[in-house]
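For reference, the structure is listed below as structure tokens.
Bear in mind these aren't lab numbers, they're just calculated from the coordinates by the rules spelled out. Bear in mind the structure is a predicted one, so any value in this text is a computation, not a measurement. Neighbour counts run over all protein chains shown; Cβ positions are idealised from the backbone, glycine included.
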Amino acid sequence: MALPLHATTGERIWHYTFLTICVLIFAFLIIPILVIIPLSFNAQPYFTFTPEMVAFDPAGYSTKWYEAFFSDSNWRAAVKNSLIIALFSTIISTFLGTLAALGLSQKDFPFKTAMMGILISPMIVPLIISAAGMFFFYAKINLLGTHIGVILAHAALATPFVVITVTATLTGFDHSLTRAAANLGSSPTNTFFRITVPLITPGVISGALFAFITSFDEVVVVLFVGSVNQRTIPWAMFSGIREEISPTILAVATLLITFSIILLFMVELLRRRNERLRGITPH
């Protein structure tokens with residue numbers, strides 16, 4: 001945001017100081033991630049920049065670690081598990097989270113604050129505690145080491161993101177539209193699917209994308225409740241760092257970074273579309 005022309009000297013100093021702090025924090029968070037990308041093209045099996053890479057010699061760069069990733073059956077199995085688990089957990093969490101948000105958006109909903117706190121508790125409770133609790137619970141109902149168990153665990157972790165996203169969408173929802181539809185003789189079901197659903201769809205899809213990312217990147221819970229048959233990409237990366245150091249991990253990390261950027265870009269497009277539907281000028 002640009003400073004107004006009448007800004008005082010103190011306001012200008014604070015503005016540029018705050019801007020500098022934000023840039024430094026952004027650089028602190030992003031630079032370590034950006035370093036991974038060129039290292040994933042290292043022709044040598046090292047985690048450091050070789051003299052050839054520093055000199056921008058083409059001989060110092062290679063895509064063999066990406067080729068190793070796509071040709072390795074273990075990595076392909078991990079990708080398959082990650083996609084299956086993330087897809088089904090996203091479907092479950094999106095369905096449950098949307099229903100919960102619709103209920104919480106009602107003015108006469110009892111104990112709204114308490115229910116919201118319970119629904120978003122998986123985001124607050126340390127993940128290791130949630131994972132340990134799920135382990136003991138699953139051990140009693142024989143869900144340890146099953147795809148269903150991991151899917152349900154990830155759905156529980158992802159549902160709060162859907163609840164928050166859809167609730168935020170419903171905050172600016174114009175209820176006069178549903179009242180107008182009722183006055184014109186539309187049934188509640190028809191009103192819901194013809195008016196409410198189209199208007200909240202961008203928020204629902206955004207929540208689903210956040211849920212998918214949450215499940216796709218999760219590693220702690222799957223280590224507790226999963227088995228080798230549910231080995232996901234984060235689990236494979238974690239095991240690879242502990243057991244055998246290979247630049248293939250850097251290639252996988254680069255692919256995940258690219259994938260996450262694409263998903264976040266889609267979330268931003270949906271946010272802008274949602275603002276246009278609600279008559280808000282995107283900024």
For the stretch 1-154, what does the alpha-carbon gyration tensor say about shape, rounded, prolate or oblate, given a ≥ b ≥ c as the root eigenvalues, a/c under 1.5 as rounded, and a/b over b/c as prolate?
oblate
Efficiency by 1/(1 + (r/R0)^6): what FRET value for Ile245 and Phe173, r their Cβ-Cβ distance, R0 = 45 Å, to the nearest 0.05?
0.30
Cα atoms only, the stretch 233-274: Rg and Dmax in Å?
14.6, 46
Considering only Arg12, Arg271, Arg76, give the residue with the highest GNM mean-square fluctuation for the chain, with springs between Cα atoms whenever their separation is below 10 Å.
Arg12
Over the chain, the sum of -39500 (n - 2.57) across DSSP H runs of at least four, divided by residue number and rounded to 500 deg cm²/dmol, gives at 222 nm -24000 deg cm²/dmol
Using θ = phi - 60° and the Karplus curve 6.51 cos²θ - 1.76 cosθ + 1.60, what whole-Hz ³J(HN,Hα) does each residue of the stretch 12-27 get, with Gly and Pro shown as x?
5, 4, 5, 4, 6, 5, 4, 5, 5, 4, 4, 5, 5, 5, 4, 5
Would you pull out the residues with amide H under 5 Å of Tyr61's amide H, same chain only if 5 or more places away, H placed 1.01 Å from N?
Ala43
Cα-based helix-to-principal-axis angle, 127-141 vs the chain, degrees rounded to 10
80 degrees
Relative to 2.2 N^0.38 Å, what does the C-alpha radius of gyration of the chain come to as a ratio? Two decimals please.
1.25
Please report the spacing between the Cα centers of the stretch 34-89 and the stretch 142-180 in Å, no decimals.
34 Å
Let me check I've understood the local charge: for Met266, count other residues with C-beta under 14 angstrom from its C-beta, Lys and Arg +1, Asp and Glu -1. What total comes out?
+2
In degrees, nearest 10, range 0 to 90: what is the angle between the Cα axis of helix 147-171 and the longest Cα principal axis of the chain?
50 degrees
